[in-house]
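Chemist: Pasting a structure below so you can have a look.
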Amino acid sequence: MPNTGKIRAFFVDARPRSNLATVKLLGRKRGADASATSGATSDEIASVAATSEDETSRGSRKTDPKGRPTPKRSDATRRQKGPVVPAPMTASAARARRKALAGPKLSREERRAERTASRARMTDRRERMMAGDEAYLLPRDQGPVRRYVRDVVDSRRVSFLGLFMPSALFLLFIMFAVPQVQFYMSPAMLVLMALMTLDGVLLGRKVGKLVDAKFPSNTESHWKLGIYAAGRATQMRRMRAPRPQVERGSFFKKSPKAD
């Protein structure tokens, strides 16, 4: 019979060793850990030590990027300019602080005079804006090119785009007053939208050609100018801002050259 002891020893040595040999388990004594780690070679111990030193150095670079210690709270407070006002502890103290920061209290006559002056300033700004003063216009209305486009739109005699708001209000009133004509509302609205679209396209092309002829150095696209002209044309004449500066039908072919 073969020697069973040698066979058993061969299979025991052939089994792979576990990686838990160097792990410190609960309940084990220091002597057992020392005996377990004594089997490790010097090369393995050196490699583990080098890895731990590398990780420590990288961690130190990440945690201390500014190169100086964090100042203490007392030092940071001492560097502040001026005394630190303590926070109010009661509601009355908070009200007193708000009154002190708000400044002197105005009387009723002074508040009324201030409101009147503010209203007068706002009215003056709006009047200047409606009159076309460049200093008070919105950014979308500023410039000689936009002024010329507004004059072209305001001088038109017939404009289907200008009929948008009146026709929409009229159709809504008819639809609620006479329910029997609701069947004809959809075709009428479609026809009106088609006419408005055609008028907007023609107006945009006309504005682009006129602007190119009057302002050869203009860099603004025809698309933006057409949208601007169509948007102004959809508004009622008396509601346009800035206020129209030309009369109906007074379109001028020969105008002074732009600066």
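Chemist: Based on this model, can you work out whether Ala233 counts as closer than 19 Å to Arg147 by Cβ and either not assigned by TED's automatic domain parsing to the domain that holds Asp133 or not basic (Lys, Arg) (or both)?
Modeler: yes
Chemist: Of the residues Leu172, Leu202, Leu190, Leu195, only one is touching a residue at least 12 places away in the same chain (Cβ under 8 Å) and part of a helix (DSSP H, G or I); which?
Modeler: Leu195
Chemist: Could you please let me know if Thr219 is surrounded by 12 or more Cβ atoms within 10 Å (Cβ to Cβ) and among the β-branched types (Val, Ile, Thr)?
Modeler: no
Chemist: Does any residue of the stretch 142-158 turn out to be surrounded by 10 or more Cβ atoms within 10 Å (Cβ to Cβ), more than 24 Å from Trp223 (Cα to Cα), without any contact (Cβ under 8 Å) to a residue 40 or more places away in the chain and within 38 Å of the chain's Cα centre (by Cα)?
Modeler: Keep residues of the stretch 142-158 that are surrounded by 10 or more Cβ atoms within 10 Å (Cβ to Cβ), which gives 142-156.
With the extra rule that they be more than 24 Å from Trp223 (Cα to Cα), the set shrinks to none.
No - not one qualifying residue is present in the stretch 142-158.
Chemist: Within the stretch 237-258, can one find any residue that is in contact (Cβ under 8 Å) with a residue 12 or more places away in the chain and part of a helix (DSSP H, G or I)?
Modeler: Taking every residue of the stretch 237-258 in turn, at least one turns out to be in contact (Cβ under 8 Å) with a residue 12 or more places away in the chain and part of a helix (DSSP H, G or I).
Chemist: Exactly one condition in (1) surrounded by 11 or more Cβ atoms within 10 Å (Cβ to Cβ); (2) under 22 Å from Tyr228 (Cβ atoms); (3) in contact with a helix residue (DSSP H, G or I) (Cβ under 9 Å, 6 or more places away or on another chain); (4) not basic (Lys, Arg) is not met by Leu171; state its number.
Modeler: It is condition (2) that Leu171 fails.
Chemist: Name, by its number, the condition in (1) free of Cβ contacts under 8 Å to residues at least 24 places away in the same chain; (2) within 23 Å of Met239 (Cβ to Cβ); (3) not in a helix (DSSP H, G or I) that does not hold for Arg125.
Modeler: All conditions are met except number (3).
The values are calculated or read from the model by the stated rules, or taken from the named source; none is laboratory data. From a predicted model like this one, the values you see are computed outputs, not experimental measurements. Note that we place each Cβ from the backbone using ideal geometry, even for glycine, and neighbour counts take in every protein chain shown.
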